[in-house]
Structures are given as structure tokens and as C-alpha cells.
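For reference, the structure discussed in these notes is given below.
The values are calculated or read from the model by the stated rules, or taken from the named source; none is laboratory data. Not measured: the values here are computed from a predicted model. Neighbour counts run over all protein chains shown; Cβ positions are idealised from the backbone, glycine included.
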């Protein structure tokens, strides 16, 4: 069985993320969307790890071969523990490739896992969770960039944070 992981923080999950997950689901027998849980970055996150995983589970319902799990530590350890042979990474631009190639080479030096690069669809090549959060925080319309239910949660979280400021 060919198993792959699509790792990320997914804070929040965007349509660009889902494009890569869906394409990975067509290439591999099983895909695990691995949500990085980094305690040192938790205060800068918009959503908790549980909220991010819940949103992803709902967003990935169209693909029966996709599951969602959280992880801490090294992605390569996660892959070894779960029998995963490939890491799927979306590339938006050359700058992504520079960083991701270094990471892929480091991962390959630690384990037998391969990294598969998937170019982002042109419709989503500009998209990043950080930009979605920033635009939403300033009242911009990001409804076409994330699933509807994610947009609802994002708008509600921005309002919560604005009320507490």
C-alpha cells in the first residue's frame, strides 16, 4: 500500500491546501493529513490543534482514503511510526522550492521517506494561511479562499479577538 503524508499547520485550511490533498489522494492509496502541533507557536495560532484537525476532517470528507492526525516532533519520526513512504508538498513559487528541497534532503538523510513535490494550481498559487488570516483580520472577504464552514469559523474568531482587544 502506498501511503503519503501532507503535513502543515493548516491555520486555517485553505482551498490551496485542499487542492494538494485531493491530488495526493488520487496518487496514493492512503493519505494522512498531519497537523503540526508546535507548543512554542500555539499563542500565535488562530485555531487550536483540535479545531484545525476538526476543520480538516470535515474538509477532507470527499476523499475516503484521507485521514487527519496531529503530530509533534519530527515529521520523519511520524512517517516511520505510521509506515508512510512519501511526503507530499505543494509548491507555489521558486522560493518554496528552495526551502522545501533543503527540507526534503534533510528528511531523506534521516529516513527512507521520499518527498513528492506537487505544483500548486495557478488559481491558488498566491494563497497562504497567513495571508488569509491577515486579510480576514482587516475585514477583507476571504470567502472564496477557504471552505464555507472554515470561513464562518474564521469570521467568528476574528470577531472574538476583536472584541477582546
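Quick look at the numbers
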quantity	calculated
Any hit, region 136-143, residues being touching a strand residue (DSSP E or B) at 6+ places or on another chain (Cβ under 6 Å) and under 24 Å from residue 38 (Cα atoms)	no
Residue within region 10-29 that is in contact with a helix residue (DSSP H, G or I) (Cβ under 6 Å, 6 or more places away or on another chain), under 21 Å from residue 130 (Cα atoms) and either free of Cβ contacts under 8 Å to residues at least 40 places away in the same chain or assigned to a strand (DSSP E or B) (or both) present	no
Meets criteria (under 18 Å from residue 6 (Cβ atoms), buried (at least 17 other Cβ atoms within 10 Å of the Cβ), out of contact with any helix residue (DSSP H, G or I) (no Cβ under 8 Å at 6 or more places or on another chain) and in contact (Cβ under 8 Å) with a residue 12 or more places away in the chain) for residue 104	yes
Residue check for residue 44: surrounded by fewer than 17 Cβ atoms within 10 Å (Cβ to Cβ) and either in contact (Cβ under 8 Å) with a residue 40 or more places away in the chain or closer than 22 Å to residue 131 by Cβ (or both)	yes
Failed item, numbered, when residue 125 is tested on (1) at pLDDT 95 or above; (2) surrounded by 13 or more Cβ atoms within 10 Å (Cβ to Cβ)	(1)
